[in-house]
Amino acid sequence: MRLGVDLGGSKIEIVALAADGREMQRRRVATPRGDYHATVAAIASLVEQVEHELGQRGSVGIGIPGTESAATGRIKNANSTWLIGQPLRRDLQTLLLREVRIANDANCFALSEAADGAAAGADVVFGVILGTGVGGGIVVHNKALTGANGIAGEWGHNAMPRGAGIALCPLRGMNDHPPAPLPEEGGDHTSSLREPDCYCGRRGCIETYLSGPGLAADHLRATGTPLTAEQIARAAAAGDSDCEATLQRYEVRLARALAQVINVLDPDVIVLGGGLSNLDRLYVSVPQQWAAHIFSDSVLTRLLKHRHGDSSGVRGAAALWP
């Protein structure tokens, strides 16, 4: 039996898979946000509950919103910031009395979707998580790439790209850009209208625009109205012009950010996961806009919605054990 755990910013989910891939059990609990020791205890408790109910012991793979440092064995680059600097794998192995394998959650998502999901059969797959944070994972010939520093695919902490071909917002005629004017436009970045701060210590990261909280923050800056990403999507579908403009800015930014990935990686398929991936309009609007930023006369890369939904993270984590 293989156990996969998806440690997210808002929930922890576990799945138990039989040797033939059949799902035997699934559980989900709220993540104890801000409390590292409670998070470790919650994961261990889920494993123990599932094993007790199924009457057998399993391997444990965990997808996390960050990565493990090869130098220290401690977690780095996690938008669930209470994990940063903590020896998560060591602590879980101590509690569970077995080896535990840990990987970036976007890598787990991409591996699952490349194996038998939306990108099945594709040689090169870029898996994207658009949720509490923005993550990316690369799978080549059904193998997830981690890289020398364990950060392969971490596009969310590159700066939001800009340059020629920037689209105008159709509803407002506004140049789609961060709130601060650009240097090439004579802008002053000392203004209070600056690129949004990121937890990583930089400003204007892709994550600060394309995550769920980033979308909500952009709407608040533009309108002064506090809404969640889900509320913005519902209101736009109902005809609210402010929310529609916010989603159009989001689509332009997503197209430009993914165009950079295509220029570097040239994947066969880009698969979207996370809460914002359920916006079906993205799969039409984004490919229509990314061509202006891609260094090719034609774009054959396909943008696809996940097949396994919330299951992809846990399935990929379980697959860390063959």
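Only the coordinates and a few stated rules stand behind these numbers; no lab work does. From a predicted model like this one, the values you see are computed outputs, not experimental measurements. Don't worry about glycine lacking a Cβ; one is built from the backbone with ideal geometry, like all the others, and counts go over all protein chains shown.
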Modelled FRET efficiency - R0 35 Å, ARG281 with ARG194, Cβ distances, 0.05 increments: 0.75
FRET efficiency estimate (nearest 0.05) - Cβ-Cβ, VAL29 to GLU53, R0 22 angstrom: 0.90
If Lys and Arg each add +1 and Asp and Glu each add -1, what is the summed charge of the other residues whose beta carbon sits under 14 Å from the beta carbon of LEU300? -3
In debye, nearest 20: dipole of region 214-266 around its Cα centre with unit charges on the Cβ of K, R (+) and D, E (-)? 140
Mean Kyte-Doolittle hydropathy of 1.6 or higher plus an axial Cα length of 30 Å or more: which whole DSSP H helices in the chain meet both? none
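Work through the residues other than ALA237 whose Cβ is under 12 Å from its Cβ and net out their charges, Lys, Arg +1 and Asp, Glu -1. Working shown, then result.
Numbers: positive: ARG234, ARG281; negative: GLU230, ASP240, GLU244, ASP280.
The answer is -2.
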Given points 7 Å out from each Cα along the Cα-Cβ axis, report the LEU95 to ALA291 separation in nanometres with one decimal. 5.1
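Suppose only helical runs count, i.e. DSSP H with n ≥ 4. What mean residue ellipticity at 222 nm does that imply for the chain under -39500 (n - 2.57) per run, divided by all residues and rounded to the nearest 500 deg cm²/dmol?
Computed ellipticity for the chain at 222 nm equals -10500 deg cm²/dmol.
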Where the Cα pairs of region 56-120 fall when distances are cut into 5 Å bins, in %: 4, 17, 23, 21, 17, 11, 7, 1
Packing-based order for 79-85, 68-74, 1-7, using average beta carbon neighbours within 10 Å, highest first: 1-7, 79-85, 68-74
The size of the Cβ-based charge dipole (Lys, Arg +1; Asp, Glu -1) of the chain about the Cα centre, to the nearest 20 debye, is 540
How much length is gained if the chain between ALA38 and LEU220 is pulled fully straight, taking 0.36 nm per residue apart and subtracting their Cα-Cα distance, in nm to one decimal? 62.3 nm
Cα centroid separation - region 195-245 against region 9-26, whole Å: 32
What net charge is computed for the residues neighbouring ASN79, neighbours being all others with C-beta under 14 Å from the C-beta of ASN79, Lys and Arg scored +1, Asp and Glu -1? -1
